[in-house]
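First the structure, in the form of structure tokens, and then the observations on it.
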Amino acid sequence: MHFLTTPAMSTFYSCISNAVLLFALLPNTDGYFLQLLTECRYTSEDLHDIEFLSRQIFNKLEFARYNSTLNKYIGYTEHGVNNAERWNADPAVLARQLSNLDVCKHNTALYWENMLKKTVEPSIEIISASPASSKHPAMLVCAVYDFYPKGIKVTWLRDGQEVTSDVTSTEELSNGDWYYQLHSHLEYTPRSGETISCKVEHGSLPQGKVVTWDPSMPEAERNKVIIGASALVLGLIITIAGVVYYKKKSTGRILVPSS
Ligand SMILES: *[C@@H]1O[C@H](CO)[C@@H](O)[C@H](O)[C@H]1NC(C)=O
């Protein structure tokens with residue numbers, strides 16, 4: 001499954017740079033806000049529909065816009081229309097704006113290569129939790145952390161069969177650091193001997209990944225047991241070594257002749 005190479009046509013990727021000019025002409029809080037927003041817009045990696053836009057915004061109102069597809073300015077207010085007319089009459093102005101489309105193409109190709117194409121595999125963990133409703137006595141949560149980019153499918157399997165009922169899931173939540181997380185809940189009535197798994201499909205996992213729930217012991221408990229057992233073995237070794245050493249020493253002492 002490749003989510004990246006087939007984005008929905010409605011998805012616009014854009015790279016926006018924003019120049020803000022703030023005129024504090026009046027004392028205190030009043031001022032004027034002029035923004036110049038330049039944008040490279042495209043829907044797919046082949047960049048067949050890439051366009052460069054330069055929007056001029058005064059106090060939140062866009063009054064004029066250059067659109068590279070038209071190679072023209074469009075005015076939206078009286079002031080904008082007047083300016084658009086003047087800029088459109090100057091071939092040098094239009095040529096300069098159109099050359100920004102080449103900058104867009106160059107930068108966007110780099111952006112795809114270095115960012116949009118990158119994928120990061122999530123960590124997947126199944127944990128047991130108390131059910132939200134009283135319909136079933138048990139609930140499992142498949143916690144999927146730190147994947148990139150957005151676009152993931154998480155399903156539950158019971159003995160290899162996909163489960164669709166009593167499954168709820170969060171949205172793909174943004175961590176705010178480029179990564180996303182998602183939590184899928186399965187409410188169920190345990191059957192003996194069954195296997196329950198969580199299947200994750202994502203751009204970073206070409207074959208998908210299946211994690212199986214191990215009901216025997218939660219990992220934290222298992223770790224405690226492992227640490228305890230290791231300490232016990234280590235203690236036994238030291239004790240045996242001590243006893244052997246002591247025996248050797250005491251036999252040695254007996255062998256020393258006394259006169
Ligand atoms: C730019 O102009 C083209 C051609 O008219 C149009 O299809 C496109 O939607 C315009 N883009 C924006 C963001 O206004």
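The values are calculated or read from the model by the stated rules, or taken from the named source; none is laboratory data. A quick note: this is a predicted structure, and the numbers were derived from the prediction, not measured. Here Cβ is always computed from backbone atoms with ideal geometry, including for glycine, and neighbour counts include all displayed protein chains.
Which one is surrounded by the most Cβ atoms within 10 Å (Cβ to Cβ) among residues in the stretch 57-81 that are within 9 Å of the ligand (Cβ to nearest atom) and not in a loop (DSSP other than H, G, I, E, B)?
First pass over the stretch 57-81, keeping only residues within 9 Å of the ligand (Cβ to nearest atom): 65, 67-70, 72, 74.
In the following step, the residues that additionally are not in a loop (DSSP other than H, G, I, E, B) were identified as 65, 67, 72, 74.
Numbers: 65: 20, 67: 16, 72: 15, 74: 14.
The selected residue is 65.
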**Q.** Unmet requirement for residue 222, which otherwise passes all of (1) within 30 Å of residue 151 (Cα to Cα); (2) outside the structural domain of residue 153 (by TED's automatic domain parsing); (3) of a type in the set (D, E, K, R)
**A.** (1)
(Q) Could you go through the stretch 105-118 and let me know if any residue there is in a helix (DSSP H, G or I), on the phi < 0 side of the Ramachandran plot and within 14 Å of the ligand (Cβ to nearest atom). (A) no
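Within the group 193, 235, which residue is loosely packed, with under 10 Cβ neighbours inside 10 Å and without any contact (Cβ under 8 Å) to a residue 60 or more places away in the chain?
Working: 235 fails: loosely packed, with under 10 Cβ neighbours inside 10 Å.
The unique qualifying residue is 193.
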Q) How about the stretch 207-227: which of its residues are part of a helix (DSSP H, G or I) and surrounded by 10 or more Cβ atoms within 10 Å (Cβ to Cβ)? A) 219, 221, 222, 223, 224, 225, 226, 227
Q. What tally of residues in the stretch 155-177 results from selecting those that are surrounded by 12 or more Cβ atoms within 10 Å (Cβ to Cβ) and assigned to a loop (DSSP other than H, G, I, E, B)?
A. 4
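Restricting the search to the stretch 88-104, which residues are away from the ligand (no atom under 16 Å from the Cβ) and surrounded by 14 or more Cβ atoms within 10 Å (Cβ to Cβ)?
Step one: of the stretch 88-104, the residues away from the ligand (no atom under 16 Å from the Cβ) are 89-93, 95-96, 99, 102-103.
Within the stretch 88-104, just 93 meets the criteria.
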